[in-house]
Amino acid sequence: MNASNSSSSSSRRDFLRSGSAAAAVALAAPAILIRERAFAQNSDTLKIGLVGCGGRGTGAAGNALTADSNLILWSVGDAFPEPIDGSVKSLKEQYGGRIQAEPDRQFSGLDAFKKVIDSGVDVVLLASPPGFRPEHLRYAIEKGKHVFCEKPMATDAPGIRHVMETVRMAKEKKRNIVAGYCWRYDLPRQAFYQQIDDAALGEVVGVYGTYLTGPVKPMPPETSRPPGMKDLEWQMRNWMNFTWLAGDGYVEQCIHTVDKVLWAFRDQPPVKCTANGGRVNPNGSGNIFDHITVVYEWANGARGVVAQRQIPGCYNDNSDYVLGTAGKGWSGWGAPYIKAGDQIKWRYKGDKPDMYVVEHQVLFKAIREGRFHNDGDRMITSTLAGIMGRMAGYTGQEVTWEQALNSQQKLVPDQMSWDMSLPVLPQATPGKTKLV
């Protein structure tokens, strides 16, 4: 479907009006299963393709199907066949006849993303490990698809520069891109940062963001590697533990916190940063840190501090503390608030729809109304800020924005095959690992 044509369809406008009530019900009661066994496809039906059938990809497909009742899941793809079976089965249990990814449209292998994109879909959901994101996003935009692009968008600076070119291409083609920085679509957080934009805190002078949690998927010992399993498959099956695939826990998970710190500074990039980080617990053949704390500095001297930790048995927190010349604010899992002194002068009291659904509502509403919505610029800024912080943590050096953007360190292999030799880069040592 071409966005330029969708605004001329009265039936699509009718759908949008009638579909908004169903979407409101889904948002008001997200725990209700949508058991749609029968589905009548029509000229307004959009076909979506899913690339990456793990938990986040399956969740994204469900969020999209909840957001717009005239979607069908047309095709799915993953590097491995096993996640496909589980993903399709679980989605069929909830969405019934809207899951039309028949066996001949279930693709596995390193080229599965191309087969999904070429299968006749209108929209692509990209949820593979982020090391593959630049290539997958480029192919989707080249083929004229609208995209939901999970975070982060790259794991190294060459990947970011590749994404920058793709975003420029998407703007020229008027292709919509919604980024998986889900907090940007959370109504309480939108209201909170609007208060900051409206100077409720005065000038922002400091932000402290935390992402303190346990490990997501610890690296299994090398002795558990099945006989005959080659390097690429072993690393991809344990992708969160390898920098080229995940970008480190700081870039893969904590990037949400980095994104919110950038939000507080109106998405202006920091000029430089320093960091402390390392690894406390053994990680087998993996090479990521389990903690990094980054201090970003802006041109006016303001600081943003991001503390990330993935260590079991520790205190956990996922909050953002914003300090301004006229007050302070807090945003976490509860209702955000702003204080002047010890008095709360604002607290969010509005609706709290599921942000994971809202981001897809925004995407499909833009497509159906023929509008252009593209998160490309800010998703690049936030991802590069995460990579910049990791670079500072791994090397122990001060890193400027220009150094991060122009870095020649390429982590992702150019050509991949299942039988390739893929040595793992040694875990970084601050003070010894060189800044490239």
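Structural remarks
- Neighbour-limited loop hits for trypsin sites (Lys or Arg not before Pro), region 345-425 (at most 12 other Cβ within 10 Å; DSSP other than H, G, I, E, B): 349
- The spacing between region 112-183 and region 235-310, judged by their C-alpha centroids, is 22 Å.
- Using only the C-alpha atoms, the convex hull of region 283-436 corresponds to 236 Å³ per residue.
- Only beta bridges with both residues in the chain are counted; by DSSP, about 55 percent of them are antiparallel.
- The length gained on full extension between residue 172 and residue 317, counted as 0.36 nm times the residue separation minus their Cα-Cα distance, comes to 48.1 nm.
- Its convex hull of Cα atoms gives region 231-304 a direction-averaged projected area, equal to a quarter of the hull surface, of 5.6 nm².
- Structure-based [θ]222 nm, the chain - -39500 (n - 2.57) summed over DSSP H runs of at least 4, per residue, nearest 500: -11000 deg cm²/dmol
- Within the chain, helices built from complete DSSP H runs that reach 20 Å or longer along their own axis (Cα positions) and carry a mean Kyte-Doolittle hydropathy of -0.5 or higher are 10-28, 355-369, 376-395.
- Footprinting exposure proxy ranking of 288, 380, fewest other C-beta atoms within 10 angstrom first, gives 380, 288.
- FRET efficiency estimate (nearest 0.05) - Cβ-Cβ, residue 89 to residue 300, R0 41 angstrom: 0.15
- Choice from 277, 144, 202 with maximal GNM fluctuation in the chain (Cα, 10 Å cutoff): 202
- Unit Cα scatterers, Debye sum, region 97-219: log10 I(q)/I(0) for q = 0.13, 0.14, 0.22 Å⁻¹: -0.73, -0.81, -1.25
- From largest to smallest, the equivalent ellipsoid semi-axes obtained for region 375-434 from the alpha-carbon gyration tensor read 23, 19, 9 Å.
- For region 44-51, 3J(HN,Hα) computed residue by residue from phi via the Karplus equation (6.51, -1.76, 1.60; θ = phi - 60°) reads 9, 5, 9, 9, 10, x, 10, 10 Hz, glycine and proline entered as x.
- Under a 5 Å amide H cut-off, with hydrogens placed 1.01 Å from N, residue 345 pairs with 338, 339, 340 among residues at least 5 apart or on other chains.
- Of 402, 252, the sequence from fewest to most neighbouring Cβ atoms within 10 angstrom is 402, 252.
- Pairs of Cα atoms nearer than 8 Å and 6+ residues apart set the relative contact order; for the chain it is 20 percent.
- Using only alpha-carbon positions in region 330-408, the gyration tensor eigenvalues give semi-axes of 32, 26, 10 Å once each is multiplied by 5 and square-rooted (largest first).
- Counted by neighbouring Cβ atoms within 10 Å, the residues 274, 395 run from fewest to most as 274, 395.
- Amide H contacts under 5 Å for residue 124, placed H, 5+ residues apart: 49, 146, 147, 148
- Whole-Å semi-axes of the chain's equivalent ellipsoid (Cα gyration tensor): 33, 29, 20
The numbers here are math on the coordinates, done by the rules we state, and not lab data. Just so you know, these numbers come straight off a predicted model, no measurement behind them. So basically every Cβ, Gly included, is an ideal-geometry build from the backbone, and we count neighbours across all protein chains shown.
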